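To start, the structure itself, in structure tokens.
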Amino acid sequence: MVALPDLGTAEEAYRESSPTNSVICDSDVCKPDLIPNNNELTITTVCSFVNTDFNNRKEKNVENGVTKVESLFNGNSLESVKSVSSEDPESHPVKEKWHSVTLQVFIPFMLAGVGTIGAGIVLGNVENYEVFKEVKALYILVPALLGLKGNLDMCLASRLSTQANLGNMKCRAEVIKMIVGNIGLVQVQAIVAANIVSLFAVSVSALLHGKFVLEDAFLLAAASVMTATLSCFTLDFLLIGVIFLSFKLKLNPDNVATPLAASVGDVVSLVVLSTFATFLYKIHDSNTMILVAIIAGYLTLLLPFWVFIVIRNEYTKKILTTGWTPVLTALVISGSGGLVLDTAVDQFNGYEVFQPIINGIGGNLVSVQASRIATMLHQTSIRGVIPPHTKQFVAPWTALFRGVLPAKTARILIAMSIPGQMVYVFVADLIYNEGVSTLTPIFVLSYLAVGLIQIMLLLYTAHIMIHTMWRFKMDPDSGAIPYLTALGDLLGSSLLLAAFIFLRSINQEYSPIEKS
């Protein structure tokens, strides 16, 4: 119990409407027993209100005679005072050893790499399918659809990981409600966004190739919505199982769940998309009404059903109305990556093999960092207030290597990306070329260089973006990952294309074995 000086007339510090943020002040003391047990910093952080005129509070509500401060007139009036002697920002919460973080991230990261490699191999093979040859808009659809699936599932993983770390998964009834609401939310977002992204792909393809075929538009919309909903529904249950298993084994779900969300889902989504697209292509000329019926069924039956589930769920009803901007904006960014893919596959052999790998690795690693930073902020502060062990705006070196708490994880992820990229590239090349390696040293070095640039840009962007969202009282668990993974797709596709252009300019172009 720590005495607070100059507390004034405040009886209780702000507790956000979400059950995740709490530093409760009563009378003259802060009560660390009301703070999540797994967070040491909040117990050693003293809340003091300094030189504050509480008449300037913007919002108040009184409940049972207790005033709750909804927001402070001046964000600087809430200060966190460190009660430990060390000034090293990395000596504070949450105290995970570097080797523990590395091991917990590395194992699922490498397992997820199997899915990433599989996605590259599948994408390399489906280019020979008739539907991919005839309906070029599928190449624009692929990155956006994979990004959509990753955005939705990784946001679900991040939200549930935060709840697990905050100790809010002990009541079975609440856990079930939380799971049902999140699955319903993902299905709603998947149905709406899949139709939008298919429209985007058809429109851009028509502009690029100079023709528009209505039957192709119906094919893309039906294949897109079926792929998005089925892959998300399947992957959501896998992620929920991983989060609960991690929680039971006392592992940090932030380290484990998000890498699996992107890469495992990539290969599943590609297989499902190619299967549905191939089947629908065979009937899209003669039985167009079947495609129309599929789209109408999703929009008039399944969509209202899931909306009804979500709006009755306290954990997700707010996100249903406020969580669309990141998802839809991310679709546009990922769609731009699709334009790069559509351009590159016609010019460079083997590009489509490595594109899902560089995009998947970047998305996996930055999602780990985003989920961890979001959890740290939920545990140690209230929305609108940046805690003392981190900063909103910092130099790249400070954010990525040393200076603030998230830098500890950032440098681990950067170091991990190098061997991960090398293993994935060699394995993908061997599988694609049926056991024969065609890689050259200059190709590997070029690929590693653009991969390193991509992950460093993503991690630095994540630091600025998540802290800015928190400063403006937005929940980064639902808002940051869509932007970051979509940006990862665009950066990965563009930088990889730049590497292929560079290799061609020095006559070191990647040359896979021609398949009969």
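The values are calculated or read from the model by the stated rules, or taken from the named source; none is laboratory data. Quick caveat: nothing in here was measured; it's all calculated off a predicted structure. Here Cβ is always computed from backbone atoms with ideal geometry, including for glycine, and neighbour counts include all displayed protein chains. SASA here: full protein model, heavy atoms, side chains in, ligands and nucleic acids out. Shrake-Rupley method; radii C 1.70, N 1.55, O 1.52, S 1.80 Å.
Inter-part distance, region 382-407 to region 201-232, computed on C-alpha centroids, equals 42 Å.
Just the accessible area per residue of region 153-246, please: how many Å² with a 1.4 Å probe? Each step should come with its number before you reach the end.
Values: 3230 Å² over 94 residues.
Per-residue value: 34 Å².
Under the Kirkwood approximation for Rh and a Cα-based Rg, what ratio Rg/Rh is obtained for region 275-404? Present the calculation step by step, with values, prior to reporting the outcome.
On the way: Rg = 21.7 Å, Rh = 19.9 Å.
Over the Cα atoms of region 275-404, Rg/Rh equals 1.09.
Rolling a 1.4 Å probe over the protein heavy atoms leaves TYR139 with an accessible area of roughly 10 Å². In this simple spin-label model, placing a label point 7 Å from the Cα along the Cα-to-Cβ direction at both THR468 and PHE212 gives a separation of 3.5 nm.
For a test of the definition: using alpha carbon positions, the gyration tensor, and the 1.5 limit on a/c, classify region 267-312 as rounded, prolate or oblate.
Oblate, because a/c is 1.5 or more while a/b does not exceed b/c.
Nonpolar atom fraction for region 472-516, defined as the carbon and sulfur part of the 1.4 Å probe accessible area, stands at 62 percent.
Roughly how many Å² is the accessible area per residue of region 371-467, as a whole number, for a 1.4 Å probe? Counting only protein heavy atoms, the per-residue value for region 371-467 is 35 Å².
The apolar share of the surface of region 246-383, taken as the fraction of accessible area on carbon and sulfur atoms (1.4 Å probe, ligands and nucleic acids excluded), comes to 67 percent.
So if the hydrodynamic radius of region 150-287 is defined as the Kirkwood radius over C-alpha pairs, what does Stokes-Einstein give as its diffusion coefficient at 25 °C and 0.890 mPa s, in µm² per second? Walk me through the intermediate numbers first.
Numbers: Rh = 16.4 Å.
The diffusion coefficient I find is 150 µm²/s.
For ASP254, the accessible area of its heavy atoms, probed at 1.4 Å with every protein chain present, is near 0 square angstrom.
Note on region 87-237: with neighbouring protein chains present and a 1.4 Å probe, carbon and sulfur make up 66 percent of its accessible heavy-atom surface. Applying a threshold of 22 Å to the alpha-carbon distances of LYS317/LYS473; LYS97/LYS170; LYS133/LYS282; LYS250/LYS318; LYS136/LYS282 flags LYS97/LYS170; LYS250/LYS318 as lying beyond it.
Hey, how many Å between the Cα centroid of region 306-354 and the Cα centroid of region 460-516? After rounding, the separation between the Cα centres reads 14 Å.
Projecting label points 7 angstrom from Cα along Cα→Cβ for PHE401 and PHE233 puts them 4.9 nm apart. Each Lys or Arg adds one and each Asp or Glu subtracts one; over the other residues with Cβ under 11 Å from the Cβ of VAL131, this totals -1. As an equivalent ellipsoid, region 336-490 spans semi-axes of 34, 16, 12 angstrom, where each value is the square root of five times an eigenvalue of the C-alpha gyration tensor, largest first.
On the principal axes of its alpha carbon atoms, region 352-437 extends 54, 22, 17 Å, with the longest extent given first. Amide H contacts of SER511: none lie under 5 Å away among residues 5 or more positions distant or on a separate chain (H built 1.01 Å from N in the peptide plane; Pro and chain starts excluded). Near TYR351, once Lys and Arg are set to +1 and Asp and Glu to -1 for all other residues with Cβ below 12 Å from its Cβ, the sum equals -4.
Quickly rank 188-195, 325-332 as a protection proxy: mean count of other C-beta atoms within 10 Å, highest first.
For the peptides 188-195, 325-332, the packing ranking is 188-195, 325-332.
Using heavy atoms of the protein chains and a probe of 1.4 Å, the accessible area assigned to PHE233 is about 80 Å². Placing R0 at 25 angstrom, the Cβ-Cβ distance between GLN347 and SER203 gives a FRET efficiency of 0.65 after rounding to 0.05.
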